[in-house]
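Asker: Below: one structure in structure tokens.
The values are calculated or read from the model by the stated rules, or taken from the named source; none is laboratory data. A quick note: this is a predicted structure, and the numbers were derived from the prediction, not measured. Note: ideal-geometry Cβ built from the backbone for every residue, glycine included; neighbour counts use all protein chains shown. Surface areas here come from the heavy atoms of the whole protein model, side chains and all, with no ligands, DNA or RNA. Shrake-Rupley method; radii C 1.70, N 1.55, O 1.52, S 1.80 Å.
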Amino acid sequence: MRPAPPLLALIVLLSAGTPTGRAAPPAPTGVFVAYPPNDHRVPFDHVILEGRVPPGSTLNVSGRAVPTGPDGLFMEWWPLKPGVNTLTLTARQAGRVTGSRTLRVTRAAAPILPARPTRILPGSVTPARPVEFWDAPGDTPAERRVTVSVQGSAGARATARLGSAAPTPLREGPPGTYRADLTVPATPQASTPLTVTLTGPDGRTVTATAPGRVTVQSGAARTGTQRPGQVPGPALNASSTVLTTLTGQSLLYPRTDMTFTVVGRQEGDLRVRLSGGQSALITATQLDLGAPGTAPLPWTGGTVQLEPDRPEPDRLDAPSPAFTPDPTPAAPGVNDLPALPPTEAGNAATPPAPPVTPPVIPTSADTAHLTLLIPTGPARPPFTLEQTDPRTLILTLFGPPITPLTPPAPHPLLARTDLDRTPDTTRLTLTLNAPVWGFTADHDGPHLRLNVRTPPTPDPTRPLQGRTLTLDPGHGGTQGGGAGSLGTPEKNLVLPITLRAAELLRAQGATIHLTRTTDTTVGLYERGQLAHDTGSDLLISVHANALPDGRDPRGIRGPEIYYTHPQAQSLAAALLAALRTGLPDLGPGTGLKPGADLALTRPTSQPSVLIETGYLTDPGNLRLLNSPAGQERLAQAIAAGVLAYYQGLGR
């Protein structure tokens, strides 16, 4: 095996030798404010004020001089007083005004009522909607909690009362905001009011009733079935349909026709019981409800089956397609790559995004697959599927089976299987002999089909030959992304970087699918679905970072790589190393961001990462992202990181 070149050598190797010829935006003729927009409202005492003036101009903001760069860039952490702040920006050059602008920014604060007289802020009492318990005896005390809150005069003594029950004290914090969790008794009651009372320092007592009343029932649980047409894709793990814990953490991504035991309603959501003591919230419009007293079918259970060996496509849940030859010509070895010509951003000669095509059947040296069939019969039980380390998957099924589940027969990819059971849950832990490199699960006829694949062993001389990747230039069209203080928004900065990276990877034999090649709008979940449908090895989304309101931008710079599942960790590490090696002037950044809860890192069909190349809110990072030479270096680093990753798979 030829030894792999060091990472810096890979970046040099991939280089075309000359930066791309993309032109910078034209110089402004006045004061351009990229952020904040006019009439912006923030709850913070500072805002990032950024934009540019004509090169060589000075800038004065409401009587205060603000530094500008030779290119006219300004970026200031601007203090705000409470209420409306009117900022007057004036640019001058050689004593002549070259531009002016007036900007209004409001520092909004939560209303705080004076301590005297004691008052309750109208409309502030929660719950705002009805809270219903349909099977209260089956709930734990923690599941029968209702959060009550109110805003009023600071420094008061506050209590809440459900019907004629004893009052419960409310805690104050921040000043003028009071809240507490009330545990509702399991005894039935119909549409009972929740009343809050404040007694202020002036001795005055005021009361108000929450709009949402509380109903408690017994034996009125019912089925709820996930409606068709709402789940974007079984491997995308979309936040638009996720079930959360009672405290708001993501818990379970449903599949079409998945059936739940629905035991209540709160604040517009339905509460479902997954197991004893474990509830989850789901948006009410997702479920078709059965009549009170109905219950989901028990699932079959029995022996987990191994699907018989057969040629498997790269896409984990697709039927085997006819063979489609790879139209990409063979690439030379990595040490013999020819120099590639520079490419204009948006150039008509740039290859368009390939259509969604059937994936190629892998060769014997390609990825290995494992498919397990869990007998469920006509039932569609809820389940979660989690990767806990590079070689371990845990499938948890909720609801009792008719027959306890038993492990599958031995398989070359399975190091061991473990089963843990409670009356309400079955947990199947799979430990593989190789790293997980894509996994999906969905109901399929009388089974729950669990698909897993493991990495290929690439040709050490041409590691990218025949590989398929999806690259995603972030945002696009109506989705501008971060503001560009030099006149170019994020969407138009990451597009040429991604196109160039695609060109470099294609030259080494990879098939590259791009979610967009021009400034067009692409749906968030369409991007991950393209990677799934094309059987891609990897999904890589390219972005530029920016700080939200309330964060001081000074000193925050450099790359970050986000990923959700352990299967993407080594890819993320390879990309980060390439960016740090090839672009030390970006700064080291904060590095790897595991466990990210992002639409483009949650997909599981393949390792999925999101690259934040640098910060638009750092002047140095911003200038690099805007320069043709900087964009070329970023593209080279991304391609080098991918190459290093595949070389690592072969070792």
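Asker: Using Cα-only point scatterers and the Debye equation, what is log10 of I(q)/I(0) for the range 417-460 at each q in 0.20, 0.21, 0.28 Å⁻¹, rounded to two decimals?
Answerer: Evaluating at q = 0.20, 0.21, 0.28 Å⁻¹ gives log10 I(q)/I(0) of -0.85, -0.90, -1.09.
Asker: Where does the charge balance sit around THR261 when Lys and Arg score +1, Asp and Glu -1, over other residues with C-beta under 9 Å from its C-beta?
Answerer: Values: positive: ARG222, ARG273; negative: ASP135.
Net local charge, THR261 excluded: +1.
Asker: Projected onto the charge dipole of the range 73-186 (+1 at Lys/Arg Cβ, -1 at Asp/Glu Cβ, origin at the Cα centre), which of GLY163, TRP78, THR140 gives the Cα projection farthest towards the positive end?
Answerer: Value computed over the given set: TRP78.
Asker: Run the dipole for the range 151-204 about the Cα centre, Lys and Arg Cβ at +1, Asp and Glu Cβ at -1, nothing else charged, and hand back the magnitude in debye, nearest 20.
Answerer: For this selection, approximately 40 debye.
Asker: Please give the solvent-accessible surface of ARG104 in Å², to the nearest 10, using a probe radius of 1.4 Å with every protein chain present.
Answerer: 100 Å²
Asker: Using only alpha carbon pairs under 8 Å that are at least six residues apart, calculate the relative contact order of the chain and give it in whole percent.
Answerer: 13 percent
Asker: Right, next: Using a 1.4 Å probe, how large is the accessible area of GLU132, given in Å² and rounded to the nearest 10?
Answerer: 50 Å²
Asker: Let's see if you can work this out: charge +1 on each Lys and Arg Cβ, -1 on each Asp and Glu Cβ, no other charges. What is the dipole magnitude of the range 89-185 about its Cα centre, in debye to the nearest 20?
Answerer: Working: 14 positive and 6 negative charges, 201 e Å.
For the range 89-185, the charge dipole is close to 960 debye.
Asker: For the range 433-530, what is the convex hull (Cα atoms) projected area averaged across all directions, in square nanometres? The partial results should precede the final answer.
Answerer: Details: hull surface 37.7 nm².
Answer in nm², one decimal: 9.4.
Asker: Here's a follow-up. Here are some values of Cα Rg over 2.2 N^0.38 Å: (i) 1.64; (ii) 1.12; (iii) 1.25. Which one was computed from this structure?
Answerer: Among (i) 1.64; (ii) 1.12; (iii) 1.25, the one calculated here is (ii).
Asker: Which of rounded, prolate or oblate describes the range 43-124 when judged by the alpha-carbon gyration tensor and an a/c cut-off of 1.5?
Answerer: prolate
Asker: Moving on to the next point. What does the convex hull of the Cα atoms come to per residue for the range 103-244, in Å³? Intermediate values should be presented prior to the final figure.
Answerer: On the way: hull volume 25.3 nm³, N = 142.
Dividing the Cα hull volume of the range 103-244 by its residues yields 179 Å³.
Asker: Work from the charge dipole of the chain (Cβ charges, +1 for Lys and Arg, -1 for Asp and Glu, about the Cα centre) and give the residue of ILE497, THR244, GLY224 farthest towards its positive end.
Answerer: THR244
Asker: Semi-axes of the equivalent ellipsoid for the range 517-651, please: Cα gyration tensor eigenvalues, times 5, square-rooted, ordered largest first, whole Å.
Answerer: Listed largest to smallest, the semi-axes of the range 517-651 are 24, 18, 15 Å.
Asker: Arrange the residues THR58, THR106 by how much accessible surface each exposes, largest first, with a 1.4 angstrom probe.
Answerer: The most accessible residue leads, giving THR58, THR106.
Asker: Roughly how big is the chain's charge dipole about its Cα centre, with Cβ charges of +1 (Lys, Arg) and -1 (Asp, Glu), in debye to the nearest 20?
Answerer: Working: 53 positive and 48 negative charges, 391 e Å.
My answer is approximately 1880 debye.
Asker: Right, another one. Percent of Cα-Cα pairs per 10 Å bin, from 0 to the last occupied bin, for the range 370-488, please list those.
Answerer: 11, 33, 23, 17, 13, 4, 0
Asker: Here is a follow-up. Considering the dipole of the range 442-572 built from charges on the beta carbon (Lys and Arg +1, Asp and Glu -1) around the Cα centre, which of ALA531, HIS443, LEU486 is farthest to its positive end?
Answerer: So the residue we want is LEU486.
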